[in-house]
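The values are calculated or read from the model by the stated rules, or taken from the named source; none is laboratory data. In this text, all values refer to a predicted model and were calculated from it rather than measured experimentally. Cβ placement follows ideal geometry from the backbone for every residue including glycine, while neighbour counts extend to all protein chains displayed. Heads up: the accessible areas ignore ligands, DNA and RNA and are worked out on the full protein's heavy atoms, side chains in. Shrake-Rupley method; radii C 1.70, N 1.55, O 1.52, S 1.80 Å.
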Amino acid sequence: MNLQLVRHATLWLQYLGVNFLIDPMFSDAGVNPPIVNSTNDRRNPLVPMLFAMDAWLHPDAVLVTHLHRDHWDEAAAAALSKSIPILCQPNDEAAIGSSGFTSVSAVNTTITFQGVTIIRTSGRHGTGEIGQKMGQVSGFVFKADGQPTLYIAGDTIWCDEVMQALDEHQPDVTIVNAGGAQFAVGSPITMGAEDVISLCRYTPSTKVVAVHMDAINHCLVTRADLHNRLELAGLVHQVTIPGDADWL
């Protein structure tokens, strides 16, 4: 298994020889406004992609965890071939299909794609009223003979649903969307440093990869912040924090 962080939550995953593009956000730096009701006015994305998007336009399939703009944007929808197979959570297939894509499949529970078993999991994109307004989000587990089990937790905080996925699938590698994304009011809607620490302590056998930082204006926990907190907790050895375009 090989994994490249493109930027933010956009990943290029090579798994059992299959190339998956996950949560493509291809917008140029600064072309989108700040997230509504955030605490600063920086335009998004905060940083450019380090290579031209052409490098990631020919996957075997695209996986979209949910439809928020920082996981599936207009630039990606315009650039990708309309015939590429796209996998998504239930209720998102119509919106993706409305952009002209002709091979969109919802993963209700489990799907197999070119020998790779993909299992959908649940999460919570925040708490209370804000969490409800953020809508349904999903994580996905990848399994195949001879491959490490990979859990992509998606846009979720640390919650019972994540614990259940860890207990059930015992992933070798867990990708978390960190960054402590937060609005001007309310609690974070993605994992912050304390959530990542809780996950590490709950399942010390999983290798954690933390992404979703330093690219969107309401993600207030930086890579440096997370590293420093993990160092204090004695957990730096369990967590990899890749930079944009890094391969693991």
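Assorted remarks:
- Residues satisfying the stated conditions in the range 57-112, i.e. in a loop (DSSP other than H, G, I, E, B), among the hydroxyl-bearing types (Ser, Thr, Tyr) and surrounded by fewer than 18 Cβ atoms within 10 Å (Cβ to Cβ): Ser81, Ser83, Ser98, Ser99, Thr102, Ser103, Thr109
- Of all residues in the range 141-160, exactly one satisfies the criterion of being among the charged types (D, E, K, R) and under 23 Å from Ile216 (Cβ atoms), namely Asp155.
- Among residues of the range 24-51, those that are of a type outside the set (S, T, N, Q), open to solvent by less than 70 Å² (accessible area, probe 1.4 Å) and out of contact with any helix residue (DSSP H, G or I) (no Cβ under 9 Å at 6 or more places or on another chain), counted: 8
- Which listed residue, of Thr190, Thr156, is part of a loop (DSSP other than H, G, I, E, B), of a type outside the set (Gly, Ala, Ser), closer than 21 Å to Trp72 by Cβ and in contact with an Asp or Glu (Cβ under 6 Å, 6 or more places away or on another chain): Thr190
- Which numbered condition Arg124 fails, given (1) under 14 Å from the mean Cα position of the chain (by Cα); (2) crowded, with 23+ Cβ neighbours inside 10 Å: (2)
- For beta carbons closer than 6 Å, sequence separation of 6+ or different chains, a first residue in the range 140-154 that is over 15 Å from Leu16 (Cα atoms) and touching a residue at least 24 places away in the same chain (Cβ under 8 Å) and a second that is of a type in the set (Ser, Thr, Tyr) and not in a strand (DSSP E or B), the qualifying pairs are Gly154/Thr65.
- Considering (1) in contact with a strand residue (DSSP E or B) (Cβ under 9 Å, 6 or more places away or on another chain); (2) open to solvent by 40 Å² or more (accessible area, probe 1.4 Å), the lone condition that Val196 does not fulfil carries the number (2).
- Being small (Gly, Ala, Ser) and modelled with pLDDT of 95 or more holds for only one residue in Gly135, Gly123, Gly128, and it is Gly123.
- In the range 163-181, the residue that is farthest from Ala224 (Cα to Cα) out of those that are without any contact (Cβ under 8 Å) to a residue 40 or more places away in the chain and over 13 Å from the mean Cα position of the chain (by Cα) is Glu168.
- Inter-residue pairs, beta-carbon under 6 Å, first in contact (Cβ under 8 Å) with a residue 24 or more places away in the chain and in the range 222-248, second open to solvent by 70 Å² or more (accessible area, probe 1.4 Å) and of a type in the set (Ser, Thr, Tyr), 6+ apart: none
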